[in-house]
Amino acid sequence: MAKRFDGQEIRELFSRNLKLLRHHNNLSQLALSVKAGLAHNFVNDIENGKKWVSPNTIAKLAGVLDVEPGAFFQSNPLDPPETWKIRSYLDELSMRFTQAVGDIKENYLPYNEKKDNPGR
């Protein structure tokens, strides 16, 4: 089961990654906006979480920054795309393992003192 994100968290992740990828490519906001054919203030608003982007804008930004569009939504956008799937698989495996251990503890280990003696 994957971690659930709300809209604000996705916007913050996108904004953070856009800025990180822009810095990684040694581009100013102005240079990025010119290369992507976007208004400078729009790029600034995206990075500050004030504006959201369309799929076309994501494609333009990804093209200029030479990344897969999915990089904007990864916890480690500078990792190569092939590691995203591995990381996602390992995160899910870890979460399921933790859940299974909790289920085993709850269902098969003796109850703790409070459960055994509810009057205490």
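The numbers here are math on the coordinates, done by the rules we state, and not lab data. In this text, all values refer to a predicted model and were calculated from it rather than measured experimentally. Don't worry about glycine lacking a Cβ; one is built from the backbone with ideal geometry, like all the others, and counts go over all protein chains shown.
What's the lysine pair count for the range 1-82 at a Cα cut-off below 17 Å, pairs eight or more apart or interchain?
6
Given Cα pairs under 8 Å that are at least 6 residues apart, what percent is the relative contact order of the range 1-77?
39
Using a Förster distance of 22 Å, how high is the FRET efficiency between Phe73 and Phe42, based on the Cβ-Cβ distance and rounded to 0.05?
Once rounded, the FRET efficiency stands at 0.70.
Return the ratio Rg/(2.2 N^0.38 Å) for the range 1-73, where Rg is computed over Cα atoms only.
Cα Rg divided by the expected 2.2 N^0.38 Å: 1.05.
Within the range 1-106, report the trypsin sites (Lys or Arg not before Pro) that DSSP leaves as loop and that have at most 11 other Cβ atoms within 10 Å.
In loop regions of the range 1-106 (DSSP not H, G, I, E or B), the sparsely surrounded trypsin sites (Lys or Arg not before Pro) are Lys3, Arg4.
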